[in-house]
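The values are calculated or read from the model by the stated rules, or taken from the named source; none is laboratory data. Quantities reported herein were computed from a predicted structural model and do not represent experimental measurements. Because the Cβ atoms are built from the backbone with ideal geometry, glycine has one as well, and the counts that use them run over all protein chains shown.
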Amino acid sequence: MTTGLLKQAFVLIGWAAPLILTFGAMLPSSAAAGCEPTRPDALGPFFEPNAPERSSVGQGYVLGGQVKSSRDCSPITGARVELWLAGPNGQYDDEHRATVFSGNAGSYQFASNFPPSYSGRPPHIHVRVSAEGYATLVTQHYPVQGQTEATFDLVLIPAP
């Protein structure tokens, strides 16, 4: 009897597979799959709230990307993106903190010095992203030595 049920299941799946594949192909890829959320990382001891609104704290490295929803990959407009990093001397200070807001397409851009490594840590830029209706994300971007720019999309999870 179990063998008969298995045969029926395979026949049903075999019959339905073309419909599933056709229906799946009709959906936009973002609707079919959503976006994988950005991996959280440590806030670190140097976070200070209320960083000044500015898109540049130095030169030599440009970080940009898009803020998106994990639900359907749609852009999130007006997300608050707070960034901070050590200055060229390896110290954290107010001169290397900034707040930018994502634009209409969810895009953001930030210019800084290439972050130095210190105390055994690799170069990194701290990022904290908040938007209405989404869980706040705290993460870090790790630039690759020799690069002068990078794309780092920030994918947020809808709040429960």
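Looking only at region 105-121, which residues are crowded, with 21+ Cβ neighbours inside 10 Å, among the hydrophobic types (A, V, I, L, M, F, W, C) and out of contact with any Leu (no Cβ under 8 Å at 6 or more places or on another chain)?
Answer for region 105-121, where residues must be crowded, with 21+ Cβ neighbours inside 10 Å, among the hydrophobic types (A, V, I, L, M, F, W, C) and out of contact with any Leu (no Cβ under 8 Å at 6 or more places or on another chain): there is none.
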- Would you point out which residue out of P37, P49 is modelled with pLDDT under 95 and not assigned by TED's automatic domain parsing to the domain that holds F110? P49
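Which of the residues belonging to region 105-152 are part of a strand (DSSP E or B) and of a type in the set (F, W, Y)?
Y108, F110, Y118, Y134
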